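Heads up, the thing below is written out as structure tokens.
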Amino acid sequence: MHWHHENKTLSDHFAAAAVKTLRFVGDKFFGERYASRAIVLETVAAVPGMVGSMHNHLLSLRRMKHDNGLVRMLMDEAENERMHLMTFVEVGKPTLLERMMITATQVAFLGFFSLAYTFNKRTAHRFIGLLEEEAVRSYTHYLDAIDAGKVENVDAPQIAKEYWKLKDDAKLRDVVLAVRADEAEHRDVNHGCADKLDQVIAQRREEKRQRKIAQQAKKPVPGYEKVEKAAQATLRRAAKIGPKP
């Protein structure tokens, strides 16, 4: 369940730093109020899938090429995250202050992620993959708190029972387990998208390098034309002089 991507490139480290900043803010603001933390987390997590699906939908239209299922996959991710939010709203009952914070966070993150996805799709997917790693870790802490008796294991909301097809006597712990499994899947999907884009970038660089090598091979050696002209002139002079009869 717990798997961490090894950051290799500069953009990986940038994405990791952004996620750590968000985690620090969340830890300071929410502490052990796990339901409230989940509400804000899911508000943010529901944005990338919709932004990515819209971007790739328009890209597919412009290029007149099939998207290979990426648009539907990202839309499903956004819908799944939205259902997480609807579930934890029933559990956490956010206050007016928290609702205002949710709105502000969503607006700010929508602008940030839209720009990020437009200019560097790879880093955007890596960022979400790392964010989902934090989500898995956060829900694991939530489960630990439930098991330790710090959080009451209340009945699961009806919306959760219907969405995940849980048993009638399902509890909060069952919901958190289901949500954590979803987040682990989103983590793998987004890291996979970033890795695939890595391969595309590497392939393009290699093709560019090969074209450069081919172009250089076609260029004459510096000074070759002068040497060739001198050689031809020498041959002409030799032909004029010729052997004496």
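Summary of values
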{"quantity": "DSSP-assigned coil residues among trypsin sites (Lys or Arg not before Pro) in region 144-190, each with at most 14 further Cβ atoms within 10 Å", "calculated": "Lys150, Lys165, Lys167"}
{"quantity": "For region 111-209, with +1 on Lys and Arg beta carbons and -1 on Asp and Glu, the positive-most of Phe113, Val151, Leu131 along the dipole", "calculated": "Phe113"}
{"quantity": "Gained length - Tyr163 relative to Ala104, 0.36 nm times residue gap less alpha-carbon distance", "calculated": "18.5 nm"}
{"quantity": "Dipole magnitude (debye, nearest 20) for region 10-199, charges at Cβ of Lys, Arg, Asp, Glu", "calculated": "640 debye"}
{"quantity": "Amide H contacts under 5 Å for Val151, placed H, 5+ residues apart", "calculated": "Ile146"}
{"quantity": "Links that overshoot a 25 Å alpha carbon limit, given the list Lys150/Lys171; Lys121/Lys161; Lys20/Lys161; Lys93/Lys165", "calculated": "Lys121/Lys161; Lys20/Lys161"}
{"quantity": "Residue-wise HN-Hα coupling along region 126-136, computed from phi with Karplus coefficients 6.51, -1.76, 1.60 (Hz; x: Gly, Pro)", "calculated": "5, 4, 5, x, 5, 5, 5, 4, 5, 5, 4"}
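Where a number appears in this text, it was derived from the coordinates with a stated rule and is not lab data. If you're wondering where the values come from, they're calculated on a predicted model, not measured in any experiment. Using ideal geometry, Cβ is built from the backbone for each residue, glycine included, and neighbour counts are taken over all protein chains shown.
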